[in-house]
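This report refers to the structure that appears directly beneath it.
Derivation of every value follows stated rules applied to the coordinates shown; laboratory data play no part. These figures come from a predicted structure and were not determined experimentally. Neighbour counts are summed over all protein chains in view; Cβ atoms, including those assigned to glycine, are modelled from backbone coordinates with ideal geometry.
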Amino acid sequence: VAVIAPLPVPSQILNFDLWVMLGSAVILIPFLASGRRLCRKEATLFLTAYVAYIAAQAYGVQNILGP
């Protein structure tokens, strides 16, 4: 559908969510490429980052990013 007619994308996705996804992928790729398993410390880091992301969504990303 987007090939025929452009789809509107909310600015929050471009300004916040996209960067969070990119950052988490960049951090996770070395673990996936090496075949290592995540240890408890690394898994806790990812879980904490996820909780912070959910908290930012609940609080309101616009409040965090500013005007």
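For the reader, a short list of remarks on this structure follows.
- Between helix 18-34 and the chain: long-axis angle, C-alpha atoms, 0 to 90°, nearest 10: 30
- The trypsin sites (Lys or Arg not before Pro) of region 1-55 meeting both criteria, a DSSP state outside H, G, I, E and B (loop) and at most 14 other C-beta atoms within 10 angstrom of the site's C-beta, are Arg36, Arg37.
- Cα-Cα separations in the chain greater than 15 Å, expressed as whole percent: 65
- Close amide-amide hydrogen proximity is noted between Leu38 and no other residue 5 or more places distant or on a separate chain, at a cut-off under 5 Å (H modeled in the peptide plane; Pro and chain starts excluded).
- Using alpha-carbon coordinates, inclination of helix 40-59 to the longest axis of the chain, degrees: 20
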